[in-house]
Amino acid sequence: MTIKAEQVGRRLVLTVTDENGAAVFEPYVVEPVAMKAGRQLTADYLAVASQAGTVSVERQAGMFREALNEHNAARAEEEVSQVEGDELCVKALMWQTVIGMDGIRAFDAAGGGVAGVVKALRLLTAMSAALPSPTSPNTALENLTRPAGTPDTSTPLGGVKAADRLPPERRSIRQGKPRSAA
């Protein structure tokens, strides 16, 4: 069986099909989550993928249920196999993130499974790195997108900022210390 995904208006329609392309069950219709929830799903998924350990096991399971929605998740538990259910969840999650249908296409192009998740995750990290962050920098995301061998520049060498190394009379007003009138 395969799972066909298509966007119809604002909804994602996931259809489990047999080898002839005929629908096996009624399609799973997924409504979009609100922007704030979509950002949280993206951040949580990236944290899980980067093995940051900041997302609980309960939240990991919950984010797939949230992406697919409770009704569809309950249906999937009764209708499809574990592999098919996982694919439904991954496709719904990718669609709910910033990469949308591009994530699903990347997943399918790689043949699904682990290879598909890896390809979609690469697309998601690249897209997330290109977008301005609404909050502080995400270290997990930075670690995923930093090319191998590139040093972490989030903390200066020795843990001291350049402004802190200057004597107080040389610091600008923006650094909290007025310049001396020399």
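Does segment 1-18 include one or more residues that are at pLDDT below 90 and more than 19 Å from Leu121 (Cα to Cα)? Yes, some residue in segment 1-18 is at pLDDT below 90 and more than 19 Å from Leu121 (Cα to Cα). When the residues of segment 19-53 are filtered to those that are acidic (Asp, Glu) and at pLDDT 90 or above, the one that is nearest to the chain's Cα centre (by Cα) is Glu31.
Assigned to a helix (DSSP H, G or I), surrounded by fewer than 16 Cβ atoms within 10 Å (Cβ to Cβ) and at pLDDT 60 or above: does that describe Arg105? No.
To keep it simple, each residue is scored yes or no on (1) out of contact with any helix residue (DSSP H, G or I) (no Cβ under 6 Å at 6 or more places or on another chain); (2) among the polar types (S, T, N, Q); (3) at negative phi.
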| position | (1), (2), (3) |
| --- | --- |
| Thr2 | yes, yes, yes |
| Leu12 | no, no, yes |
| Glu19 | yes, no, yes |
| Val24 | yes, no, yes |
| Ala47 | no, no, yes |
| Ala61 | yes, no, yes |
| Ala67 | no, no, yes |
| Glu77 | yes, no, yes |
| Gly100 | yes, no, no |
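Here the condition is being without any contact (Cβ under 8 Å) to a residue 24 or more places away in the chain and surrounded by 14 or more Cβ atoms within 10 Å (Cβ to Cβ); of Gly62, Gly38, it holds for Gly62 alone.
So which of Leu93, Leu88, Leu144, Leu123 is assigned to a helix (DSSP H, G or I), under 26 Å from Gln51 (Cβ atoms) and modelled with pLDDT under 90?
Testing whether each residue is assigned to a helix (DSSP H, G or I), under 26 Å from Gln51 (Cβ atoms) and modelled with pLDDT under 90 leaves just Leu144.
The values are calculated or read from the model by the stated rules, or taken from the named source; none is laboratory data. Everything numeric here is computed off the predicted structure, so don't read it as measured data. A quick note on method: Cβ atoms are made from the backbone with ideal geometry, for glycine too, and the neighbour counts reach across all protein chains shown.
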